[in-house]
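Where a number appears in this text, it was derived from the coordinates with a stated rule and is not lab data. As the structure is a computational prediction, the values presented were derived from the model and not from experiment. We place every Cβ from the backbone using ideal geometry, glycine too, and count neighbours over all the protein chains shown.
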Amino acid sequence: MLKMKVIEGDVDVNQLDLYCEAGTCGTAAIITPIGGLMYQNQLHTFGNPKEAGPVTKELYRLLVGIQFGDIIAPEDWILDVKEQK
């Protein structure tokens, strides 16, 4: 959908300023923007700390659209779970 390359790995705190957006998600599967992180009395911000960035907004729009059935989920996104007897 977004055709973004996903990279999984650690981010050193000294590299935080390289990122223009940051977000988190959890078991509720929602995207929450992170405006900034304070580490050793230094604030690292991501774009405008008072507003979600364009990528975060688009991820949110797509995820909520899929959850509500307004957007067709990518192939293999949804897994039917059947009760075992």
* Local electrostatic count at residue 39 - Lys and Arg +1, Asp and Glu -1, tallied over other residues with Cβ under 14 Å -> -2
* Between [x] 1.07; [y] 0.97; [z] 0.99, which matches Rg/Rh (Cα atoms, Kirkwood Rh) calculated for the structure shown? -> [x]
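Taking only C-alpha pairs under 8 Å that are 6+ residues apart, what is the relative contact order of segment 19-68 in percent? Intermediate results must be reported in sequence, preceding the final value.
Details: 61 pairs, mean separation 17.7, N = 50.
Relative contact order of segment 19-68: 35 percent.
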* Structure fact -> A correct Karplus calculation of ³J(HN,Hα) over segment 11-16, with 6.51 cos²θ - 1.76 cosθ + 1.60, θ = phi - 60°, whole Hz and x for Gly and Pro, returns 10, 5, 4, 6, 9, 4
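Remind me, relative contact order of the chain in percent, using alpha carbon pairs under 8 angstrom and six or more residues apart?
In percent, rounded to a whole number, it is 22.
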* For segment 62-77, Karplus couplings with θ = phi - 60° (6.51, -1.76, 1.60), whole Hz, Gly/Pro x -> 5, 4, 5, x, 5, 4, 8, x, 7, 10, 5, 5, x, 4, 6, 6
* To do: Work out which chymotrypsin sites (Phe, Trp or Tyr not before Pro) in the chain are exposed loop sites (DSSP not H, G, I, E or B, at most 14 other Cβ within 10 Å) and give the longest gap free of them.
  => 20-76
* **Charge dipole of the chain about the Cα centre (unit charges at C-beta), most positive-ward option of 60, 46, 19** => 60
* Show which lysines lie in cross-link reach of residue 3 when reach means a straight Cα distance below 28 angstrom and same-chain residues fewer than eight apart are skipped. => 50, 57
